[in-house]
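The values are calculated or read from the model by the stated rules, or taken from the named source; none is laboratory data. All figures in this text were calculated on a predicted structure; none of them were measured in a lab. Cβ atoms come from the backbone with ideal geometry, glycine included; neighbour counts cover every protein chain shown.
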Amino acid sequence: MKRIKTRAITLLALCIALNIVGSNIALMLKLPIYLDSIGTVLAAAVFGPLGGMLAGGATGVIVGATTDLYSLFFMPVQLLTGLVAGLLYRRIKPGTWRSNWWLAGVISLPGTLLSTAITVILFHGITSSGSSMLVQLLLGTGMGKTMAVFLIQVGTDYLDRFITVYVVALVYRALRYKLPQAN
């Protein structure tokens with residue numbers, strides 16, 4: 001059995017803290033993006049799918065228990081994001097600007113479908129996120145709830161994951177030279 005090194009535990013804790021801080025900033029400012037998966041995707045890039053799922057799951061529990069109860073319900077989205085990002089980053093190393101647009105799409109789509117289902121079924125389209133205001137605007141036009149939530153989720157999830165993948169690429173490049181054992 002491989003020993004878990006202090007550096008790996010520290011980096012994983014930093015990823016979880018990054019998610020918590022990002023999530024709380026987005027929540028307090030009512031941003032239409034979430035900023036809660038930068039640490040999840042970073043952990044997935046460095047440690048693989050299990051690391052990404054661990055960071056995402058821990059974030060869901062901690063944020064759900066402390067500042068935003070909705071995070072507990074969306075924890076499966078974090079787990080799925082960590083899994084998909086970890087599987088992608090096994091084949092493609094983060095760090096190139098050209099790959100960010102499609103990586104963000106591939107990472108965000110499964111979570112978009114799952115979060116749309118959770119939002120519509122459990123919360124009837126309204127959550128603590130700033131994107132709920134955009135859903136309300138579409139509902140006001142007469143659009144159906146599921147379609148309104150899905151359209152907003154596609155846009156906000158993609159933008160959130162694009163920012164996430166870009167930040168992770170920058171951080172990964174910096175970490176790769178400082179912590180080569182974390183790969």
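Note on region 147-168: residues that are in contact with a Gly (Cβ under 8 Å, 6 or more places away or on another chain) and farther than 18 Å from LEU80 by Cβ amount to 1. Scanning region 1-39 for residues that are in a helix (DSSP H, G or I) and touching a residue at least 60 places away in the same chain (Cβ under 8 Å) gives ARG7, ALA8, LEU11, ALA26, LEU27, LEU29, ILE38. Within region 40-73, the set of residues being outside any helix (DSSP H, G or I) and farther than 16 Å from ALA8 by Cβ comprises THR67, ASP68, LEU69. In the set ILE118, ILE152, only one residue is over 18 Å from LEU31 (Cβ atoms), within 21 Å of the chain's Cα centre (by Cα), assigned to a helix (DSSP H, G or I) and of a type in the set (A, V, I, L, M); that residue is ILE118.
Checking PRO110, PRO76 one by one, the residue that is within 14 Å of the chain's Cα centre (by Cα), surrounded by fewer than 16 Cβ atoms within 10 Å (Cβ to Cβ), part of a helix (DSSP H, G or I) and at pLDDT 95 or above is PRO110 and no other. Scanning region 13-27 for residues that are modelled with pLDDT of 95 or more and more than 17 Å from VAL167 (Cβ to Cβ) yields a single hit, ALA13.
Evaluate the following for THR146: is it surrounded by 14 or more Cβ atoms within 10 Å (Cβ to Cβ), among the hydroxyl-bearing types (Ser, Thr, Tyr) and either within 20 Å of the chain's Cα centre (by Cα) or not in a helix (DSSP H, G or I) (or both)? No.
Taking the criterion of being without any contact (Cβ under 8 Å) to a residue 24 or more places away in the chain and more than 26 Å from THR67 (Cβ to Cβ), the residues of region 129-147 that qualify are LEU138, LEU139, GLY140, THR141, GLY142, MET143, GLY144, MET147.
Among the residues making up region 1-53, those that are surrounded by fewer than 19 Cβ atoms within 10 Å (Cβ to Cβ) and of a type in the set (D, E, K, R) are LYS2, ARG3, LYS5, ARG7, LYS30. For region 79-93, the set of residues classified as of a type outside the set (A, V, I, L, M) and either within 12 Å of SER37 (Cβ to Cβ) or assigned to a helix (DSSP H, G or I) (or both) consists of THR81, GLY82, GLY86, TYR89, ARG90, ARG91, listed by residue number.
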